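Q: Supplied in structure tokens, the structure appears directly below.
The values are calculated or read from the model by the stated rules, or taken from the named source; none is laboratory data. These numbers were taken from a predicted model, which means no experiment stands behind them. Glycine also receives a Cβ, built like all others from the backbone with ideal geometry; neighbour counts cover every protein chain displayed. Just so you know, the surface numbers come from the protein's heavy atoms only, side chains and all, with ligands and any DNA or RNA stripped out. Shrake-Rupley method; radii C 1.70, N 1.55, O 1.52, S 1.80 Å.
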Amino acid sequence: MNKDKNGKVILFPRVKERLVEEGLEALQAKRYEEALYFFSEAEQLGERRFSVQLSIAVCHYELGNFHEAERRLRVLLQENEGNMDLLQMYLSILMQTHRYEQAETVIHDALRHHPLPASLRENLLNLFRFVQKMNKRPLPPAEQAKVQRLLESSDITEHMHVIRQLEKEDIVPVLPQLKQYLVNETNSPIVKTMLLRLLTLKKIDDVVIVEKFGKRIEVTPALLNEQAETAFAAELLERLEHCLASENPGLYGVAAEIWLRYTYVLYPFSPEPAASKAWMAALHFVACQFQGVPVAMEKIAARYGVSGEEIAPLCDKLCEIENFSYF
């Protein structure tokens, strides 16, 4: 490699080819670190051939870098849909890392959308049955007791940890405890949002009662559509962006964060009243307060065509959320 008088890089003849050749030789000899070095150097020089990209993924797999191997194989599968060798390698990584739900989705799509040899179809069906069992395995009694104990504690961090653990488990055995958590007025509304999302993910079709800020609502998690439920919040944020982002991007960023936190904590309830201009003015004013910008509430309110009396209670609501938000 050299540079011309203008500073442009000039490659010696066949540099990429020689790097790939060295990489293949090292790969065949199972010298995976060495092979990865050569292939990566070739990639940096613009080598994008399928065989090289696959070889890099194989090296990462053999070296135990499963996350990077999975990422690269996922990209290759998107570019080479229907490649069964890639599919089987990708599934082996998902199984190795115990990502059974993702494996179930991948196998289901392959069985449904691709013509497969009879032997491969049978293997995938057997694997599909296995990952289904793993995804539906019940919590051991000790884990059920742990869920009960933690959900009765006051440690929000532990609550969040339990809910994340439950993403990989069959939650039916602990559904009564989870329902109780949602209706208990002393529990964190933030954790309740996390829990409600978990129940939606698990397609729980029982009716549950959610209590937040002195209000109660009955919902069926499996039927919840978060995008539809938060349409007003998304629309308001878009309108606020048009009004504020070009003038003061930093202030808009603070206002957007406040709004996203507020609507997250409030879910599945919607902000009330459904008055966009009043909420925009309130967000603008509270964001100014957070940044230490001295401004009169009436002045901000007038900019959006509302009164200070209208936005004052909304500002209180936003500040109430910020006082206990936990992220």
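Q: Taking Glu185 as the residue in question, decide whether it is open to solvent by 20 Å² or more (accessible area, probe 1.4 Å), modelled with pLDDT of 90 or more, not basic (Lys, Arg) and not in a helix (DSSP H, G or I).
A: Working: open to solvent by 20 Å² or more (accessible area, probe 1.4 Å): yes; modelled with pLDDT of 90 or more: no; not basic (Lys, Arg): yes; not in a helix (DSSP H, G or I): yes.
When the stated conditions are applied, Glu185 does not pass them.
Q: Which count do you get for residues in the stretch 265-293 that are small (Gly, Ala, Ser), more than 26 Å from the chain's Cα centre (by Cα) and open to solvent by 10 Å² or more (accessible area, probe 1.4 Å)?
A: 4
Q: Same structure again: Could you say whether any residue in the stretch 294-303 is under 28 Å from the mean Cα position of the chain (by Cα), crowded, with 17+ Cβ neighbours inside 10 Å, without any contact (Cβ under 8 Å) to a residue 60 or more places away in the chain and closer than 18 Å to Cys319 by Cβ?
A: Within the stretch 294-303, the subset under 28 Å from the mean Cα position of the chain (by Cα) is none.
Among the residues of the stretch 294-303, not one is under 28 Å from the mean Cα position of the chain (by Cα), crowded, with 17+ Cβ neighbours inside 10 Å, without any contact (Cβ under 8 Å) to a residue 60 or more places away in the chain and closer than 18 Å to Cys319 by Cβ, which makes the answer no.
Q: Further question: Is there a residue being modelled with pLDDT under 90, closer than 23 Å to Pro189 by Cα and not β-branched (Val, Ile, Thr) anywhere in the stretch 237-247?
A: Yes, the stretch 237-247 contains a residue that is modelled with pLDDT under 90, closer than 23 Å to Pro189 by Cα and not β-branched (Val, Ile, Thr).
Q: Related question: Mind listing just one residue for me: the one in the stretch 304-327 that is of a type in the set (Ser, Thr, Tyr) and under 27 Å from the mean Cα position of the chain (by Cα) and, of those, modelled with the highest pLDDT? Steps first, answer last, please.
A: Filtering the stretch 304-327 for residues of a type in the set (Ser, Thr, Tyr) gives 304, 307, 325-326.
Adding the requirement that they be under 27 Å from the mean Cα position of the chain (by Cα) leaves 325-326.
Values: Ser325: 52, Tyr326: 45.
Here the answer is Ser325.
Q: Hey, Lys192 hits all of (1) modelled with pLDDT under 90; (2) assigned to a helix (DSSP H, G or I); (3) not aliphatic (A, V, I, L, M) but one; which does it fall short on?
A: Lys192 satisfies every listed condition except (1).
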